[in-house]
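Since the structure comes first, as structure tokens, the remarks are kept for the end.
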Amino acid sequence: MMFVMAAVMEGSLADLSAWKPTECSIAKAMDIVGTRSAILILREAYYGTTRFDGFAARVGITDAAASGQLRRLTEAGLLTKRPYQEEGKRTRHEYVLTDMGRDLLPAVLALMQWGDTYLQPGPAPLLLVEESSGAPVRVEVRSDEGREIDLEELGIRLNPDYARARSAK
């Protein structure tokens, strides 16, 4: 016998056949960061890479692919271009994380944590720690009160502010 473990869909969302996820935030996010190279460019930005050549080399993609992904991530607002000039050379641009890009960190670390658990044949290659203390760091789903929330305890309901904004249109 198979048990279905799922989030608790509340109110009008309880009947999955009665509504469509047309404004899904996950789908919108995947439109921007849903490729391997986009996520790996963000990984490199979190690791401190800022220069075009560094992104292309460390991610292992062509210059054309790096250029396209850096442009997409910049246009989406996750990265911003900042000019720099090495002595005797022309002005170039480096790519730095914006607040929007920094705010994606938990999602990227969650992918890393999941990959460490389910895809690595042995111990995780890297450890996430608090730099000052060395204490392990994990991405978790928690309530405002700090309690860890399992999937079966997660309630999903229509946001009344969203519903009001949609009906006002």
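Details
- Taken over region 77-105, the criterion of being at pLDDT 95 or above and open to solvent by less than 70 Å² (accessible area, probe 1.4 Å) is satisfied by Gly77, Leu78, Leu79, Thr80, Glu94, Tyr95, Val96, Leu97, Thr98, Gly101, Leu104, Leu105.
- Which listed residue is touching a helix residue (DSSP H, G or I) at 6+ places or on another chain (Cβ under 6 Å), without any contact (Cβ under 8 Å) to a residue 60 or more places away in the chain and open to solvent by 60 Å² or more (accessible area, probe 1.4 Å), from Arg147, Arg58: Arg58
- Ala27 falls short on exactly one of the conditions (1) at negative phi; (2) in contact (Cβ under 8 Å) with a residue 12 or more places away in the chain, and that condition is (2).
- Checking each residue of region 13-20 against the condition of being out of contact with any Leu (no Cβ under 8 Å at 6 or more places or on another chain) and closer than 30 Å to Arg82 by Cβ gives no match.
- Only residues that are touching a strand residue (DSSP E or B) at 6+ places or on another chain (Cβ under 9 Å) and part of a helix (DSSP H, G or I) were counted across region 55-80, and they come to 4.
- Any hit, region 111-119, residues being open to solvent by 90 Å² or more (accessible area, probe 1.4 Å), at pLDDT below 95, out of contact with any helix residue (DSSP H, G or I) (no Cβ under 6 Å at 6 or more places or on another chain) and over 16 Å from Gly48 (Cα atoms): no
- Single condition Arg36 does not satisfy, out of (1) touching a Pro at 6+ places or on another chain (Cβ under 6 Å); (2) open to solvent by 90 Å² or more (accessible area, probe 1.4 Å): (1)
- Region 76-90: number of residues that are closer than 26 Å to Lys28 by Cα and charged (D, E, K, R): 1
- Only one entry in Met5, Met9 is open to solvent by 90 Å² or more (accessible area, probe 1.4 Å) and within 30 Å of Ile156 (Cα to Cα), namely Met5.
- One residue stands out in region 39-53 among those that are assigned to a helix (DSSP H, G or I) and exposed (fewer than 14 other Cβ atoms within 10 Å of the Cβ): the one that is modelled with the highest pLDDT, namely Tyr47.
- Scanning region 61-76 for residues that are in contact (Cβ under 8 Å) with a residue 40 or more places away in the chain, of a type outside the set (D, E, K, R) and either open to solvent by 40 Å² or more (accessible area, probe 1.4 Å) or more than 20 Å from Arg92 (Cα to Cα) (or both) returns a single hit, Ala76.
The values are calculated or read from the model by the stated rules, or taken from the named source; none is laboratory data. These figures come from a predicted structure and were not determined experimentally. Every residue, glycine among them, receives a Cβ derived from its backbone with ideal geometry; neighbour counts consider all protein chains shown. In case anyone asks, the SASA skips ligands and DNA or RNA and just uses the protein heavy atoms, side chains included. Shrake-Rupley method; radii C 1.70, N 1.55, O 1.52, S 1.80 Å.
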